[in-house]
Amino acid sequence: IYFMIHNIPEFCSYLLVCQARNTAGYLTIVLYLDEATPGNQNRPDRGRATQCIYWSLLEFDSWFRSRDCGWLPFTYVIVTDQQKAGVSDSVLMLFTLDQFWNEDYPDFDFIIQTPCGRQLRFNAKLVVADWPQLKKVFSLKGHNGHVCCHHCVNVLGHSDYFEDPHLELFHFLSTEYSEFKKHTTETILRQVTKVETTAMHARRDLAKIEKSTGFVYSRSDLMWNGRARSRLQLPHAAYTDWQETIVASG
């Protein structure tokens, strides 16, 4: 990006136009995480399985994002190497975010001065992945928890279907979408804090709290890093790639 800004005036001008679209005055970095297996996907040793991380900018036009250069490779990690090193997908994403963050700028992740004297400001804000990857990145319990996703407060899974409006609780198969209460950054923080406090002071109750909140505690993961959690806020940070989840992954 830096090289192109300083060597291709048209691209620099395009980024300035993209930045002007965001009323907050910055370009939003989108991270995409997915596992891919070149060649034989049924290889029993998963020898070619690779974690692929790409990034793009939310303010790019759709015609630009859909081009080969619209998504920039960040890294490819062989899954067997990742497992040998004991690095979870969440820790891998935390490492990725650390490469974009610069402590010199309290309000932005990094800034590039353009040749024309203007600033391009960048913030890493959004993670796009299929549902299994989002579960791992954000330490979600998923269908194994009573709260089965990070979007809704009163939608439950891990139980037989029920329908009782007096409970103000709804099964995840319910079609009463208008009754679903959405999580906010504050409600998510309360849930995460409850899990973290339990892990530190009442470990024997941790499994029960994890199931009731939908979050799994792992000290090294992204959700349990205060700085990362505040910069990459749920529920806004996670976008489920529905095409990958429904069409490709089945």
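The values are calculated or read from the model by the stated rules, or taken from the named source; none is laboratory data. Quantities reported herein were computed from a predicted structural model and do not represent experimental measurements. FYI the Cβ positions are ideal-geometry reconstructions off the backbone, even for glycines, and counts take in every protein chain you see. The accessibility values were calculated without ligands, DNA or RNA, using every heavy atom of the protein model including side chains. Shrake-Rupley method; radii C 1.70, N 1.55, O 1.52, S 1.80 Å.
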Given the conditions (1) in contact with a helix residue (DSSP H, G or I) (Cβ under 7 Å, 6 or more places away or on another chain); (2) open to solvent by less than 40 Å² (accessible area, probe 1.4 Å), every one holds for Lys194 apart from (2)
Expected single match for over 22 Å from the mean Cα position of the chain (by Cα) and not acidic (Asp, Glu) among Met4, Met93 is Met4
If you go through Arg204, Arg219, the only one that is without any contact (Cβ under 8 Å) to a residue 40 or more places away in the chain and assigned to a loop (DSSP other than H, G, I, E, B) is Arg219
Counting only residues in the range 1-13 that are closer than 22 Å to Asp98 by Cβ and touching a strand residue (DSSP E or B) at 6+ places or on another chain (Cβ under 9 Å), the one least open to solvent (accessible area, probe 1.4 Å) is identified as Ile1
Ala199 passes all but one of the listed conditions (1) open to solvent by less than 60 Å² (accessible area, probe 1.4 Å); (2) assigned to a loop (DSSP other than H, G, I, E, B); the exception is number (2)
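Among the residues of the range 98-136, which ones are of a type in the set (D, E, K, R) and open to solvent by 50 Å² or more (accessible area, probe 1.4 Å)?
Initial filter on the range 98-136 (of a type in the set (D, E, K, R)): 98, 103-104, 107, 109, 118, 121, 125, 130, 135-136.
Listed by number, the residues that qualify are Asp98, Glu103, Asp104, Asp107, Arg118, Arg121, Lys125, Lys136.
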Counted residues in the range 14-52 being in contact with a strand residue (DSSP E or B) (Cβ under 7 Å, 6 or more places away or on another chain), among the small types (Gly, Ala, Ser) and more than 24 Å from Arg121 (Cβ to Cβ) come to 2
Among (1) in contact with a His (Cβ under 7 Å, 6 or more places away or on another chain); (2) open to solvent by less than 20 Å² (accessible area, probe 1.4 Å); (3) without any contact (Cβ under 8 Å) to a residue 40 or more places away in the chain, Gly70 falls short only on (1)
Flagged in the range 110-140 as within 23 Å of Gln243 (Cα to Cα), in contact with a Gly (Cβ under 8 Å, 6 or more places away or on another chain) and at pLDDT 90 or above, in numbering order, are Lys135, Leu140
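Taking the range 137-183, which residues are farther than 30 Å from Ser88 by Cα, in a loop (DSSP other than H, G, I, E, B) and open to solvent by 80 Å² or more (accessible area, probe 1.4 Å)? Before the answer, list the steps.
Filtering the range 137-183 down to residues farther than 30 Å from Ser88 by Cα leaves 160-171, 173-181.
From the residues that got through so far, the ones that are in a loop (DSSP other than H, G, I, E, B) too are 160-164, 168-169, 173-176, 180-181.
Within the range 137-183, Asp160, Tyr161, Glu163, Glu168, Leu173, Thr175, Glu176, Lys181 qualify.
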